[in-house]
Every structure is written in C-alpha cells, then in structure tokens.
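Enquirer: Sharing a structure below in structure tokens format, with a few things to ask.
The values are calculated or read from the model by the stated rules, or taken from the named source; none is laboratory data. Fair warning: this is a prediction, and the values are worked out from it, not measured in the lab. Reconstructed Cβ throughout: ideal geometry from the backbone, glycine too, with neighbour counts over all protein chains shown.
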Amino acid sequence: MRRSSDETGTGQLSTSYTRRTSFLQRQQPPRISSHDHVITLTSDQPSPAATSPTGLTPQLTPQLTPSSSSADSAVDLVSQVVIAYADWRVRREDPRFPVGQARLEAIGVLACACIMSVASFEVIQESVAVLVAALQTGVLPELRLGPVMYIVLGSATALKLLCWAVCAALQSKSDSMLALAEDHLNDIMSNLCAIVTAVLAGVVANGWWVDPVGAIAISGYIVARWLAIAKQQVDKIVGRGAPQRFIQQLEALAASHHAALGLDVIRAYHFGARYIVEMEVVLPAGMTVRDSHDISLDLQHKVEQMEEVERAFVHVDYMRRDGLEHKVERELALARDRSLSMGSAGRRNSGSASGGQLGQRSSSSESCSSPEPAAAATAAAAAAAAAAAGHAEQLV
C-alpha cells in the first residue's frame, strides 16, 4: 500500500509538471529564425496537421520561391555593377588600347549571364534537396506567409516594371541596355510567380510541393534566358556575320554613293556589340589617286555614321578580282579543300575494299561526287596566293 501511494504521488506530480510546462509553453512568444534571406516564425505549439492520422510531421521551412526571387534580386546588384564598370571602361580613352575597348560591353553582359545562371542553379539545387528530403523522410515543409512578404514583392515588381520600361526604350542603343531590360523582365516574372506559388502553397491542401516546384520553374526560366543571351554575346565576340538585311543596307548605300563606283565585295561581322565593315569597291583605272581616295573616304565616313557600325574599311581597286586576298580566308579554303579530298579518298577506298552490289553503288556515288570541284578550288586558292606574292614583289 505504501508503494502504491508513492507511485500515485509520483504520477500526480508528473501530471502537474506536464500541465505547468504546457501552460508556460503557451505563454512564450514565437521564436524567429532566418534562412536564405527569408524570415519565418516558429512556435513550440504543435500545428493541427501534426496530429493528423498520416503520421507526417510538418516543419516550418523557408519559402523557396521568395528565396529564388531574393537571390535573383541580390545578384542584380552585382550584375549592374559589372555592366556599369564595363560601360565606364568603354568610354574611357586608354593608349594601351588604340582602337578602344568596346568589346568589354559584350564581355560584361556575358559575365552577368554567368552570375545570374550560377545563382539560379543554386536555388534549383536547394529546392530539389527540400523535395527529396520531404519525400524520403516524410517531414513536410509548412509555410506561414505574412503580409510583409506580399508588400515587399509587390513593391519590388512595380519598381522593376518601371526600370524595364526605361531600359526597353533604350535597348536598341547598346547591349548593356538590352541585358538590363532582360534582367528586369526576368525579375518581374519571378516576383509574380513567387506571389502566385506562395498563395497556392498557403491555400491549397497538401500544397507543400508548390513552393519548391515554383522555385525550380522560376530559376529554370531565368537560366534559359541568360544562356540564350550568353550565346548571343559569345557569337558577337567570336565574330558572327551580320544579317542579310544589314548587308542590303550597305549595298544600297554604296550604290548611291558615286556614279563611277562599283561594288565588288562586302563583309560585315561582329567585333563585339557592333560591326566591322569591309568594302572592296572598283573605280576607273584612269582616275587619280586623290579622287579615288576622297570617294572611298567619304564612303567610309557614311558607313561609320550608322549606329550598328564601329569601324569601316574601304579598299579601292581598278578591277574585280576572283581570288582570296586575305591569309585567313586562304587558309580556311585550303583546310576545307583538304577535308573534301580526304572524304573523297575515304569513299573511294571503302568502295574498292568492298565487293558485289556494294562496290557498284560506291562507284556510282563516286561518279556523282567527283573530286574535280575540290581540285579546282585548290588550284584557284594556289593561283590567288601566287598572284598575291607577285603583287608584293612588284610593290617591293
């Protein structure tokens, strides 16, 4: 009986202590924890879903969709500093760079594309980790959204919309404005999607997955946009050719420049954000050097007045020439001819090694694709090289 009373007293004391502890826990304010620039409120009280028959225990985790928007906005500052620095260097005269530093504009935009893509990949990695952890452990994230988040995202979207309108109006002037316009547009889309996914995750039952999936979708969209911009900038740095529409504008400009001027060749290719234009024109052989120089120089100035052009070169000749005049073009032509010759030789060897109907098909295909055009192109390139060497000896 004494042992039973001791056990009864101990049980009452344990029950009293448990009730007091629960009462004190209800009186304590919620704790604040921060993670990934997003502040969430956690409380010691169990949520209604914690006692659900499924046995899954939700936990308060940071909102991933607003986190992706915050990461995108944070790297905006870095990208805009890079673009501003590149623009400052482009406008600055430096004797170490005799033709300017205009290529820095494309390099700055490319650097921004890399920064934004890396930040978006980081958000995708975090979102995938949250999804995998929730599916493996059964601990589901629970979101508690407040009005502060909606106010911040809404005001940021309105400001970004204004910035996008300004940059979009100036995007034809330079690639920097184009990159900033694309950046602001990505921010607008990400903020709007963040608001939508946050609402869905807080309203829809069992919608815990909407937030990480929305973060993955937003970040994937941003990565795709910046990869496309990065490819454009790489093409411009390497020297991609101008579109046919711009070539036609140059042809019309040269045709209307002078009555005695004939147009032989036009080359226009990127040298950074803008084009390098090379023109080979023909003037009468009896024209004086002074007149031909003045005509070609006026044409050069007209071409360089176009906003898309950085530098223009006009080469004057007294006749049209079919050969390749530059070393790089001759080397590329020879490399192409060698590859064609090797391909033809390989097809002939494979045809001779096989027999029966297969050999007959190879011989017929060989007759259709003879190596005569390749040999002719090789002879033309060799003749052009010999003519260039003879012209150099005459000059000496």
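Enquirer: In this structure, is Asp298 more than 31 Å from the chain's Cα centre (by Cα), without any contact (Cβ under 8 Å) to a residue 24 or more places away in the chain and either closer than 22 Å to Met319 by Cβ or assigned to a helix (DSSP H, G or I) (or both)?
Expert: Against the criterion (more than 31 Å from the chain's Cα centre (by Cα), without any contact (Cβ under 8 Å) to a residue 24 or more places away in the chain and either closer than 22 Å to Met319 by Cβ or assigned to a helix (DSSP H, G or I) (or both)), Asp298 does not qualify.
Enquirer: Only one of these is surrounded by 20 or more Cβ atoms within 10 Å (Cβ to Cβ) and assigned to a helix (DSSP H, G or I): Ile222, Ile151. Name it.
Expert: Values: Ile151 fails: surrounded by 20 or more Cβ atoms within 10 Å (Cβ to Cβ).
Only one candidate passes the filter, namely Ile222.
Enquirer: Under 9 Å by Cβ, and 6 or more places apart or on different chains, what pairs join a residue from the stretch 302-327 that is assigned to a helix (DSSP H, G or I) with one that is of a type in the set (D, E, K, R)?
Expert: Cβ pairs passing all conditions: Glu304/Glu310; Glu304/Arg311.
Enquirer: Hey, another quick one. Restricting to the stretch 269-279, count the residues that are surrounded by fewer than 21 Cβ atoms within 10 Å (Cβ to Cβ) and without any contact (Cβ under 8 Å) to a residue 40 or more places away in the chain.
Expert: Total satisfying the criteria: 3.
Enquirer: Still on this model: Hey, any hits in the stretch 104-118 for a residue that's buried (at least 21 other Cβ atoms within 10 Å of the Cβ), of a type in the set (S, T, N, Q), assigned by TED's automatic domain parsing to the domain that holds Val75 and closer than 27 Å to Ile237 by Cβ?
Expert: no
Enquirer: Can I ask one more? Only one residue in Arg144, Arg96, Arg92 is of a type outside the set (A, V, I, L, M, F, W, C), modelled with pLDDT of 90 or more and either within 25 Å of Ile216 (Cα to Cα) or over 25 Å from the mean Cα position of the chain (by Cα) (or both). Which one? Even if it seems obvious, please write down each step before you answer.
Expert: Numbers: Arg144 fails: modelled with pLDDT of 90 or more; Arg92 fails: modelled with pLDDT of 90 or more.
The unique qualifying residue is Arg96.
Enquirer: Still on this structure: Considering only residues of the stretch 242-258 that are out of contact with any helix residue (DSSP H, G or I) (no Cβ under 8 Å at 6 or more places or on another chain) and assigned to a loop (DSSP other than H, G, I, E, B), which is surrounded by the most Cβ atoms within 10 Å (Cβ to Cβ)?
Expert: Kept after step one, since they are out of contact with any helix residue (DSSP H, G or I) (no Cβ under 8 Å at 6 or more places or on another chain), are these residues of the stretch 242-258: 242-249, 251-252, 255-256.
Right, trim to assigned to a loop (DSSP other than H, G, I, E, B) and you get 242-243, 256.
Numbers: Ala242: 20, Pro243: 10, Ser256: 10.
Ranking the candidates gives Ala242 first.
Enquirer: Right, something else. Under 16 Å from Ser174 (Cα atoms), at pLDDT below 85, of a type outside the set (Phe, Trp, Tyr) and out of contact with any Ser or Thr (no Cβ under 6 Å at 6 or more places or on another chain): which single residue out of Gln80, Gln101 fits that description?
Expert: Exactly one of Gln80, Gln101 is under 16 Å from Ser174 (Cα atoms), at pLDDT below 85, of a type outside the set (Phe, Trp, Tyr) and out of contact with any Ser or Thr (no Cβ under 6 Å at 6 or more places or on another chain), namely Gln80.
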